[in-house]
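A short worksheet on the structure shown next.
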């Protein structure tokens, strides 16, 4: 069964009293192969050290931070958003195996193996130039 996603919220704000910063939503593409669920997210300007992947029971959460450059230019137009980003993706029951991730060409690809066993609590991200997601 293909993975589905119900979260259409543009901004995640689970902090009604305003003591924590708001995290912006990371857009994702999710598809499955014969042996894995693959989650692909754009991460331009983000390094491996700026990404956190957490698996919590039936969900996988991506967190990242895009840091603003030092203000050395006089911008006439500045539309890029900087700050904290987060996205939680529900994991179908058949995808709880090994989690691996790679970052390259401004995209993060996370693979969750098909398995009935419990998933690890976190995954390390490796940087590569090859973004073959299949």
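Assorted remarks:
- Residue within segment 86-96 that is touching a strand residue (DSSP E or B) at 6+ places or on another chain (Cβ under 6 Å), modelled with pLDDT under 90 and loosely packed, with under 15 Cβ neighbours inside 10 Å present: no
- Residue 17 fulfils the conditions (1) more than 12 Å from residue 110 (Cβ to Cβ); (2) modelled with pLDDT of 90 or more except for a single criterion, (2).
- Listed by first and then second residue, the pairs with beta-carbon distance under 6 Å, at least 6 apart or on different chains, first residue in segment 52-72 and in a loop (DSSP other than H, G, I, E, B), second surrounded by 16 or more Cβ atoms within 10 Å (Cβ to Cβ), are 58/91.
- Cβ-Cβ distances below 9 Å connect the following pairs, each with a first residue in segment 17-32 that is on the phi < 0 side of the Ramachandran plot and surrounded by 15 or more Cβ atoms within 10 Å (Cβ to Cβ), a second residue that is in a strand (DSSP E or B) and at pLDDT below 65, and a separation of six or more residues or different chains: 23/11; 23/12; 24/11; 24/12; 25/11; 25/12.
- Residue in segment 57-67 that is modelled with pLDDT of 90 or more, exposed (fewer than 12 other Cβ atoms within 10 Å of the Cβ) and in contact with a strand residue (DSSP E or B) (Cβ under 9 Å, 6 or more places away or on another chain) present: no
The values are calculated or read from the model by the stated rules, or taken from the named source; none is laboratory data. Just so we're clear, the structure is a prediction, and the values are computed from it rather than from any experiment. Glycine gets a Cβ as well: all are built from the backbone with ideal geometry, and neighbour counts include every protein chain shown.
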